[in-house]
Amino acid sequence: MRIILLFSFMLFKCLDSSAQEFKVDAAYAYMYSSQLDKAIQSYNFTRPILTEKQPLLTNGLNTSISTIFRSENHFKHGINFSYAYFRSWAENKNFSNQLNLHIVNLGYLLHYENPEKCKGLYSDLIVSVTSCLLYRAVNEELFVYDETLSKAFGIGGNVQLKFGYSFKLRNNSFLSPFLSFAYTPYLFSPNNEAVINQTKGLVCKNWTEILTAQCGLTFHLKK
């Protein structure tokens, strides 16, 4: 994940001179992952004494930056980098359990906008490499299992479709509300079950698919 972050920073720095538009957005994200849900549900089932069950990893926050290259066409190419954070927290007597999921995407962006036909309306298709990190904290301390910090890394691919409508603020700056939907058909992360439930291969596969939906705001700066 550190390599992706460093590579993304260097890439955006190198492409700065050829950019026509920069976009920064923030959004609420809803996620569905069948295998993560199974692991958490198994955790709750095997611990009937818990008064507060562990919530599923469904609600989170997402932020991203994009750069779009210069072009006279309605279709434009670009680069997108995004980061999402999902948290599940439950507190019981003398015991708190927290799951933290970080997801990073770096990918190619295809931007479509036709002011002559639909002024302000635009769409983005983003195809990304995705990486994730899942770890657990017990009583606000990182959980250690078998004398090793309990964490799970994952890697896969992601496709996202985004729709927005931009309003001019002043000069070359714009603001747009947006909706987006994303699908990760295959995320290889064999240790998710071990982090959540201290078992491996009992209830989950070593990979999962992920569906996400987002709604938020984008700030545009056009050169």
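Fraction of C-alpha pairs exceeding 29 angstrom in the chain: 34 percent, rounded to a whole number.
Counting only protein heavy atoms and using a 1.4 Å probe, what share of the accessible area of the chain belongs to carbon plus sulfur, as a whole percent? Its accessible area is 64 percent carbon and sulfur atoms.
Normalised per residue, the accessible area of the chain is 55 Å², obtained with a 1.4 Å probe and no contribution from ligands, DNA or RNA. Along the range 164-180 the Karplus relation, 6.51 cos²θ - 1.76 cosθ + 1.60 evaluated at θ = phi - 60°, assigns HN-Hα couplings of x, 9, 9, 10, 6, 8, 6, 6, 10, 9, 9, 9, 9, x, 8, 10, 8 Hz to successive residues, with x for each Gly and Pro.
Cross-link partners among lysines for Lys53, C-alpha distance below 25 Å, same-chain residues fewer than 8 apart left out? The reachable lysines, counting only those whose Cα sits under 25 Å from Lys53, are Lys38, Lys93, Lys151, Lys200, Lys205. Only aspartates and glutamates eight or more places from Lys223 in sequence, or on another chain, were considered; those with a Cα closer than 17 Å are Asp16, Glu21, Glu72, Glu113. In loop segments of the range 31-122 as defined by DSSP, the trypsin sites (Lys or Arg not before Pro) with at most 13 further C-beta atoms inside 10 Å of their C-beta are Arg70, Lys93, Lys117, Lys119. With the simple model of a label 7 Å out from the Cα in the direction of the Cβ, Phe75 to Leu221 spans 2.9 nm. Remark: the range 88-100, residue by residue, has Karplus-estimated 3J(HN,Hα) of 10, 9, 9, 10, 10, 4, 6, 7, 10, 10, 10, 10, 10 Hz, where x stands for each Gly or Pro and the curve is 6.51 cos²θ - 1.76 cosθ + 1.60 at θ = phi - 60°.
Principal-axis analysis of the Cα atoms of the chain puts helix 2-14 at an angle of about 10° to the longest axis. Amide H contacts of Ala29: Gly60, Leu61, Asn62, each under 5 Å away and 5 or more positions distant or on a separate chain (H built 1.01 Å from N in the peptide plane; Pro and chain starts excluded).
Rounded to the nearest 10 degrees, the inclination of helix 34-45 to the longest alpha-carbon principal axis of the chain is 30 degrees.
The values are calculated or read from the model by the stated rules, or taken from the named source; none is laboratory data. What you see is a predicted model; the values in this text were computed from it and never measured. Neighbour counts are summed over all protein chains in view; Cβ atoms, including those assigned to glycine, are modelled from backbone coordinates with ideal geometry. The protein model used for the area step is the full one, side chains on, heavy atoms only, and it has no ligands, DNA or RNA in it. Shrake-Rupley method; radii C 1.70, N 1.55, O 1.52, S 1.80 Å.
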